[in-house]
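Comments concern the structure below.
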């Protein structure tokens with residue numbers, strides 16, 4: 001139930017039905033989802049850790065504006081982890097490569113069906129499995145602690161990722177299959193580098209818009 005509640009809140013934040021500044025009350029949410037306050041509290045704490053919510057004494061828990069700087073920094077750390085993980089992942093077991101192929105099929109199907117949630121699931125699973133294949137438990141723990149199932153939804157909604165990087169991911173599988181972890185790592189870095197470029201472009205555009213509004217107000 002915690003995951004269900006968390007995902008519902010994320011969807012409401014991203015579609016604008018629960019805008020920044022909205023106060024979220026544990027008891028109200030518990031009644032809505034017909035649960036005790038415990039899973040609601042867990043969901044809210046998880047979203048606060050990701051930066052979507054903030055809690056203040058006497059003011060309760062409120063929705064925050066999405067912090068694009070924080071999202072960019074998270075992707076920078078992810079790029080470093082995944083590039084190194086790919087190098088450590090070789091030689092790869094056939095079962096691991098088959099799992100990556102399965103994730104890629106899910107990504108392609110989601111692209112055809114314009115299903116952003118399925119696309120996100122396939123992409124997150126693909127990248128997580130490469131980190132897991134490295135055998136480095138600290139890499140995996142750090143990667144998972146960044147809650148990419150949530151951050152990926154933000155990225156999909158904000159910068160539009162449906163249908164991109166499918167062929168690049170196929171090239172990553174081919175590199176891993178051939179034992180070229182260096183190339184696989186470079187390809188992962190390129191994918192995440194492109195995402196970082198898009199985030200930077202969005203921030204620049206937002207800065208320009210804000211500047212134009214300020215000038216208009218002046």
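Numerical summary
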| quantity | calculated |
| --- | --- |
| Those residues of region 109-135 which are surrounded by 15 or more Cβ atoms within 10 Å (Cβ to Cβ) and not in a helix (DSSP H, G or I), in sequence order | 115, 134 |
| Verdict on residue 106 being part of a helix (DSSP H, G or I), assigned by TED's automatic domain parsing to the domain that holds residue 188, at pLDDT 85 or above and surrounded by fewer than 17 Cβ atoms within 10 Å (Cβ to Cβ) | no |
| Single residue of 29, 44, 71 found to be in a helix (DSSP H, G or I), modelled with pLDDT under 90 and buried (at least 18 other Cβ atoms within 10 Å of the Cβ) | 71 |
| Test result for residue 38, without any contact (Cβ under 8 Å) to a residue 24 or more places away in the chain and in a helix (DSSP H, G or I) | yes |
| Considering residues of region 6-25 that are under 21 Å from residue 58 (Cα atoms) and within 25 Å of the chain's Cα centre (by Cα) only, the residue surrounded by the most Cβ atoms within 10 Å (Cβ to Cβ) | 24 |
| Candidates 20, 8, filtered to the one that is outside the structural domain of residue 116 (by TED's automatic domain parsing), out of contact with any helix residue (DSSP H, G or I) (no Cβ under 7 Å at 6 or more places or on another chain) and closer than 23 Å to residue 121 by Cβ | 8 |
| Qualifying residue in region 54-73 (condition: within 30 Å of residue 175 (Cα to Cα) and touching a residue at least 12 places away in the same chain (Cβ under 8 Å)) | yes |
| Test result for residue 179, surrounded by fewer than 17 Cβ atoms within 10 Å (Cβ to Cβ) and at pLDDT below 85 | no |
| Meets criteria (in a helix (DSSP H, G or I), under 14 Å from the mean Cα position of the chain (by Cα) and in contact (Cβ under 8 Å) with a residue 40 or more places away in the chain) for residue 87 | no |
| In region 85-98, the residues that are surrounded by fewer than 18 Cβ atoms within 10 Å (Cβ to Cβ) and closer than 15 Å to residue 189 by Cβ | 87, 88 |
| Tally, over region 12-26, of residues that are part of a helix (DSSP H, G or I) and closer than 22 Å to residue 157 by Cβ | 3 |
| Residue that is within 28 Å of residue 49 (Cβ to Cβ), in contact (Cβ under 8 Å) with a residue 12 or more places away in the chain, in a helix (DSSP H, G or I) and in contact with a helix residue (DSSP H, G or I) (Cβ under 8 Å, 6 or more places away or on another chain), where the choices are 76, 182, 101 | 76 |
| Residue in region 53-64 that is on the phi > 0 side of the Ramachandran plot and not in a helix (DSSP H, G or I) present | yes |
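The values are calculated or read from the model by the stated rules, or taken from the named source; none is laboratory data. Note that this is a predicted model, so its numbers are computed, not measured. All Cβ positions, even for glycine, are placed from backbone atoms using ideal geometry, and neighbour counts span all protein chains on display.
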